[in-house]
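Beneath this line is the structure, given in structure tokens, with notes to follow.
Coordinate-derived values only; no laboratory data. A quick note: this is a predicted structure, and the numbers were derived from the prediction, not measured. Heads up, the Cβs are rebuilt from the backbone with ideal geometry, glycines too, and the neighbour counts pull from every protein chain shown.
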Amino acid sequence: MGEQLAVHCVGLRHAFGETVAVDGVDLDVVAGSVFGLLGPNGAGKTTTIRMITTLLPAPQGAIGVFGVDVARRKLDVRRLIGYVPQQLSADGALTGRENVALFARLFDVPRAARKAAVADALASVALSDVADRTASTYSGGMIRRLELAQALVSAPRLLVLDEPTIGLDPIGRASVWERINQVRADTGMTVLVTTHYMDEADQQCDRIALMHRGRIRAEGTPTELKAIVGDDATLDDVFRVTTGDDLGITSGERMRDVRSARRTARRLG
Amino acid sequence: MSAPLGVPLVASAEAPATHPRRFGFAGLVVARAGTMCLVELQKLRHDRTELITRAIQPALWLLIFGETFTRIRAIPTGNVPYLDYLAPGILAQSALFISIFYGIQIIWERDAGVLAKLLVTPTPRIALVTGKAFAAGVRALVQALVVLVLAAILGVGRTTKKIRLLAMCFVVILGSAFFCCLSITIAGLVLTRDRLMGIGQAITMPLFFGSNALYPVSLMPGWLRVINRVNPLGYEVDALRGLLIGTPAALGTDVVVLVLAAALMVTVASALLPRLAK
């Protein structure tokens with residue numbers, strides 16, 4: 001009863017037609033922590049995140065975000081969330097500042113505070129100098145940081161990142177995490193992240209859940225998970241043991257998702 | 001069916017958001033529509049290419065078709081010169097061509113993750129669609145102004161009364177909102193850009209020729225009159241013609257039909273939007 005929960009999921013299930021993407025997921029994310037959702041393509045990570053962020057309904061099970069029922073109070077839940085999708089989603093036809101200001105308006109940041117909030121969000125991701133250039137001139141890493149600024153401008157209590165560093169070079173990845181950790185240190189924001197990078201999960205996440213075929217197969221701190229496998233084990237080893245080296249495309253993975261991930265990686269160069 | 005949350009949470013069920021809701025539902029819809037319109041204007045400010053390229057087609061209609069048919073007097077339009085008669089029709093056509101392909105932008109936004117991000121903001125679906133519809137209206141309006149200037153250069157006898165010009169803006173926005181939402185509805189049904197492009201191209205010309213944009217209703221065969229009667233473009237053209245060149249028009253009926261058609265289509269498009277988010 002001691003810890004505040006940012007996300008609380010009970011018995012989540014979602015199917016696309018005959019294909020069960022998420023199959024009875026129970027998940028607790030402690031407020032203020034970084035929680036990593038790992039798993040192979042088609043494991044059900046993105047579907048789980050889409051249900052938590054209200055993009056998909058949860059036909060079975062229940063979700064609470066900071067105690068607010070997602071099924072009943074979608075708009076209130078959305079006010080608590082900042083979301084960065086897998087794709088590069090900044091609008092290239094707008095400047096960096098306009099991209100962030102759009103989300104400040106959509107989150108009803110009061111007019112008097114809006115300009116400063118936008119400037120602060122851009123400064124927090126080190127984009128102030130290029131804020132008035134159109135986003136189409138940004139590099140992949142800069143666009144990712146711009147998307148972070150869009151998600152952060154409303155000062156969310158929960159930041160949801162769907163593979164935020166996919167396709168970025170090590171410097172870009174480090175830069176994105178540096179910014180996230182800076183904001184966390186300042187605000188105590190909770191982070192829920194999916195990633196394919198085991199080293200990233202090991203370094204950045206307080207707790208990790210490994211998903212496979214729609215279910216959570218293992219959960220714990222990185223140290224706890226590695227200890228299950230043995231001395232000197234890495235999270236890659238845990239991943240292999242959990243999935244049994246069986247990466248067959250089954251639950252939930254769709255051609256569009258794979259194509260989208262590849263397109264993002266290509267755009268990031 | 002949702003199961004009850006099994007574990008009592010420490011966090012309050014009234015967990016405060018940083019920026020809580022400030023508007024009623026109607027205020028939220030207006031605020032979101034304003035935001036979407038602003039974004040559309042910002043995009044136009046950064047890149048005016050589309051504004052110029054989209055002006056070519058109406059210019060050709062007015063210059064070639066309009067001038068030629070004015071000379072040969074093939075279409076009886078009473079005391080009104082054919083070019084004057086045609087100009088409101090081309091104005092409506094120009095707005096139609098912009099808004100009917102707006103669904104392609106929605107599909108692009110879905111593929112780029114923009115739609116998902118918009119749907120995770122505290123914006124009801126209906127407010128998002130209304131915002132998009134009015135944004136299409138603003139873009140069409142800017143285009144309509146270009147057509148109006150072209151028409152003025154060609155000597156079309158137009159109204160200079162501010163109230164009539166404002167009413168024309170309102171009619172263009174309403175018509176564009178309807179066709180934009182029709183496009184989003186089709187996008188929600190077919191889900192892919194290629195299919196939407198094909199359907200858009202297939203319906204655009206029938207909508208245009210099945211209206212009074214080029215010729216008076218009195219010249220239409222019976223079956224075409226029926227199509228014109230259920231075609232919102234016909235009401236848009238009728239209103240624009242009445243406002244711009246002062247021909248007899250059922251303005252009240254035109255506006256009521258356009259408002260109802262736009263409201264209906266906003267509702268249908270909003271219902272189908274979640275299909276695009278899956």
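So which of A:Ser139, A:Ser124 is small (Gly, Ala, Ser), more than 8 Å from every other protein chain (Cβ to nearest Cβ), surrounded by fewer than 22 Cβ atoms within 10 Å (Cβ to Cβ) and under 20 Å from the mean Cα position of the chain (by Cα)?
Numbers: A:Ser139 fails: under 20 Å from the mean Cα position of the chain (by Cα).
Among A:Ser139, A:Ser124, only A:Ser124 is small (Gly, Ala, Ser), more than 8 Å from every other protein chain (Cβ to nearest Cβ), surrounded by fewer than 22 Cβ atoms within 10 Å (Cβ to Cβ) and under 20 Å from the mean Cα position of the chain (by Cα).
Give the number of residues within the stretch A:185-219 that are of a type outside the set (A, V, I, L, M, F, W, C) and in a loop (DSSP other than H, G, I, E, B). Reasoning before the result, please.
Initially, the stretch A:185-219 is screened for residues of a type outside the set (A, V, I, L, M, F, W, C), giving A:186-188, A:190, A:194-197, A:199-200, A:202-204, A:206-207, A:212-215, A:217, A:219.
With the extra rule that they be in a loop (DSSP other than H, G, I, E, B), the set shrinks to A:188, A:196-197, A:206, A:213-214.
The qualifying residues number 6.
Please determine whether any residue of the stretch A:20-42 is facing chain B (nearest Cβ under 8 Å) and more than 17 Å from the chain's Cα centre (by Cα).
The answer is no, given that none of the residues of the stretch A:20-42 is facing chain B (nearest Cβ under 8 Å) and more than 17 Å from the chain's Cα centre (by Cα).
Which of the numbered conditions does A:Asp28 fail, given that it passes all the others? Conditions: (1) touching a residue at least 60 places away in the same chain (Cβ under 8 Å); (2) surrounded by fewer than 22 Cβ atoms within 10 Å (Cβ to Cβ); (3) touching a His at 6+ places or on another chain (Cβ under 9 Å).
Among (1) touching a residue at least 60 places away in the same chain (Cβ under 8 Å); (2) surrounded by fewer than 22 Cβ atoms within 10 Å (Cβ to Cβ); (3) touching a His at 6+ places or on another chain (Cβ under 9 Å), A:Asp28 violates only (1).
Of everything in the stretch B:204-237, what is free of Cβ contacts under 8 Å to residues at least 40 places away in the same chain, over 17 Å from B:Ala262 (Cβ atoms) and under 18 Å from the mean Cα position of the chain (by Cα)? Give them in sequence order.
Selection gives B:Met205, B:Pro206, B:Phe209, B:Gly210, B:Asn228.
Out of curiosity, is A:Thr165 of a type in the set (Val, Ile, Thr) and surrounded by 20 or more Cβ atoms within 10 Å (Cβ to Cβ)? So that I can check it myself, show each step before the final result.
Working: of a type in the set (Val, Ile, Thr): yes; surrounded by 20 or more Cβ atoms within 10 Å (Cβ to Cβ): yes.
For A:Thr165, the condition - of a type in the set (Val, Ile, Thr) and surrounded by 20 or more Cβ atoms within 10 Å (Cβ to Cβ) - is met.
Which one of B:Ala177, B:Ala152 is among the small types (Gly, Ala, Ser), under 21 Å from B:Leu41 (Cα atoms) and not in a loop (DSSP other than H, G, I, E, B)?
Numbers: B:Ala152 fails: under 21 Å from B:Leu41 (Cα atoms).
Of the residues listed, the single one that is among the small types (Gly, Ala, Ser), under 21 Å from B:Leu41 (Cα atoms) and not in a loop (DSSP other than H, G, I, E, B) is B:Ala177.
Being over 27 Å from A:Glu178 (Cβ atoms) and of a type in the set (D, E, K, R) is the filter; apply it to the stretch A:1-25 and report the residue that is surrounded by the fewest Cβ atoms within 10 Å (Cβ to Cβ).
Per the criteria, the residue is A:Glu18.
Name every residue in the stretch A:56-85 that is buried (at least 21 other Cβ atoms within 10 Å of the Cβ), facing another protein chain (nearest Cβ under 7 Å) and within 18 Å of B:Lys278 (Cα to Cα), in order of residue number.
Listed by number, the residues that qualify are A:Ala58, A:Arg78, A:Tyr83, A:Pro85.
If I filter the stretch A:1-19 down to residues being among the β-branched types (Val, Ile, Thr) and within 27 Å of B:Val114 (Cβ to Cβ), which single residue comes out as farthest from the chain's Cα centre (by Cα)? If you could, list the steps in order and put the result at the bottom.
First, the residues of the stretch A:1-19 that are among the β-branched types (Val, Ile, Thr): A:7, A:10, A:19.
Remaining after also requiring within 27 Å of B:Val114 (Cβ to Cβ): A:7, A:19.
Numbers: A:Val7: 13, A:Thr19: 23 Å.
Checking each candidate, the answer is A:Thr19.
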